[in-house]
1. Among (1) surrounded by fewer than 16 Cβ atoms within 10 Å (Cβ to Cβ); (2) touching a residue at least 24 places away in the same chain (Cβ under 8 Å); (3) farther than 21 Å from residue 147 by Cα, where does residue 44 come up short?
2. If you check 14, 90, 39, 34, which single one turns out to be assigned to a helix (DSSP H, G or I) and either surrounded by 12 or more Cβ atoms within 10 Å (Cβ to Cβ) or touching a Ser or Thr at 6+ places or on another chain (Cβ under 8 Å) (or both)?
3. Cβ-Cβ under 6 Å, sequence separation 6+ or interchain: first residue in segment 62-78 and without any contact (Cβ under 8 Å) to a residue 24 or more places away in the chain, partner outside any loop (DSSP other than H, G, I, E, B) and surrounded by 18 or more Cβ atoms within 10 Å (Cβ to Cβ). Which pairs?
4. Can you pull out the residues in segment 86-122 that are more than 15 Å from residue 66 (Cα to Cα) and modelled with pLDDT under 90?
5. With the checklist (1) over 16 Å from the mean Cα position of the chain (by Cα); (2) without any contact (Cβ under 8 Å) to a residue 12 or more places away in the chain; (3) crowded, with 16+ Cβ neighbours inside 10 Å in hand, flag the one item residue 129 doesn't pass.
6. Take residue 58 and decide whether it is in a helix (DSSP H, G or I), surrounded by 15 or more Cβ atoms within 10 Å (Cβ to Cβ) and not polar (S, T, N, Q).
7. Provide a single number: the residues in segment 93-112 that are surrounded by fewer than 18 Cβ atoms within 10 Å (Cβ to Cβ) and free of Cβ contacts under 8 Å to residues at least 40 places away in the same chain.
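The values are calculated or read from the model by the stated rules, or taken from the named source; none is laboratory data. The structure presented is a predicted model; accordingly, all values stated were derived computationally and were not measured. With ideal geometry, Cβ positions are generated from the backbone for all residues, glycine too; neighbour counts draw on all protein chains shown.
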Amino acid sequence: MGTSAWLTSVIALAGVMLGGLVSFAVSHQQIREARSQRADDARRERDQRSEDRRFGAFADFINGHRAVQNSLHLYYSQVPSKPGANDIVALLQSGYNSSAMVFLVAETERTREACVGVLRVLQNAQEIVSDHNANPAKDSLGSELKVTMGRAMREFQNAARAELNVDGPESPWIERRRVE
């Protein structure tokens, strides 16, 4: 009977060792899955922060451009109280400055190139306003400048939409002519 007790003890010890090994393997697998899950969560969070930063930078740039467009519309209109050339130059500079964040966060060449296109138009607008601030109401550059600015910004908006994976079709620039 001594051999039977000894054999039972060995079998029990082997069962405990096998159970421990299975428990260790399952635990190790759970640890790897938890690490993988944490890494995936961290990547998703990092991607979301990146997208939020890009969205914010693009929105600020578009809003600054919109302020310039609106002020130029008033500047070249017949309304009596219109912004002065210095006010427009300040808005142009603000719009130009907001591009810095766009260049920091943009991830596609198309968005960068579209931003450069908008900056060229803003620079051109600044030169026109500075050169022609004596009598803007009689200047025919207003309409041309608004169209050029609109086209450049539309290209930027389409590039930003594509980069941010915003659903919907890209909208081309459509010139609207005044009915007189």
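1. The one condition residue 44 does not meet is (2).
2. Numbers: 14 fails: either surrounded by 12 or more Cβ atoms within 10 Å (Cβ to Cβ) or touching a Ser or Thr at 6+ places or on another chain (Cβ under 8 Å) (or both); 39 fails: either surrounded by 12 or more Cβ atoms within 10 Å (Cβ to Cβ) or touching a Ser or Thr at 6+ places or on another chain (Cβ under 8 Å) (or both); 34 fails: either surrounded by 12 or more Cβ atoms within 10 Å (Cβ to Cβ) or touching a Ser or Thr at 6+ places or on another chain (Cβ under 8 Å) (or both).
Sole residue among the options that is assigned to a helix (DSSP H, G or I) and either surrounded by 12 or more Cβ atoms within 10 Å (Cβ to Cβ) or touching a Ser or Thr at 6+ places or on another chain (Cβ under 8 Å) (or both): 90.
3. Within 6 Å, the pairs are 71/88; 71/91.
4. Passing the criteria: only 86.
5. If we test residue 129 against (1) over 16 Å from the mean Cα position of the chain (by Cα); (2) without any contact (Cβ under 8 Å) to a residue 12 or more places away in the chain; (3) crowded, with 16+ Cβ neighbours inside 10 Å, just (2) comes out false.
6. In short, yes.
7. Matching residues across segment 93-112 total 7.
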